[in-house]
């Protein structure tokens, strides 16, 4: 019975952790998908950055959410170096203001 409770708490926590206001996915080619709360006028520049300026050829997903004071929180999935993650973070912080 305790194991079931622990499993339910873990699943609920995972669901909260994965909640995002927007998701940016770059597939293995040049396809970039942008979903969520991002102004339509900014989507084109984001897609262009992920297509042209990002140095990786691997599939990448960035999940973002806005915290208190519109502080941007980003979670990265895929093979990205720390430098690539920082470059994405810098671009999104400056672009989504």
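The values are calculated or read from the model by the stated rules, or taken from the named source; none is laboratory data. Please read all numbers here as calculations on a predicted model, not as lab measurements. Cβ placement follows ideal geometry from the backbone for every residue including glycine, while neighbour counts extend to all protein chains displayed.
Among what's in segment 12-42 and is exposed (fewer than 10 other Cβ atoms within 10 Å of the Cβ) and closer than 20 Å to residue 89 by Cβ, pick the residue that is modelled with the lowest pLDDT.
My answer is 19.
Return the pairs, sorted by first residue and then second, in which the second residue is in a helix (DSSP H, G or I) and exposed (fewer than 10 other Cβ atoms within 10 Å of the Cβ), the first residue lies in segment 54-83 and is modelled with pLDDT of 90 or more, the beta carbons are less than 6 Å apart, and the residues are 6+ apart or on different chains.
none
Among the numbered conditions (1) surrounded by fewer than 14 Cβ atoms within 10 Å (Cβ to Cβ); (2) touching a helix residue (DSSP H, G or I) at 6+ places or on another chain (Cβ under 9 Å); (3) modelled with pLDDT under 90, tell me where residue 45 comes up short.
The number of the failed condition is (3).
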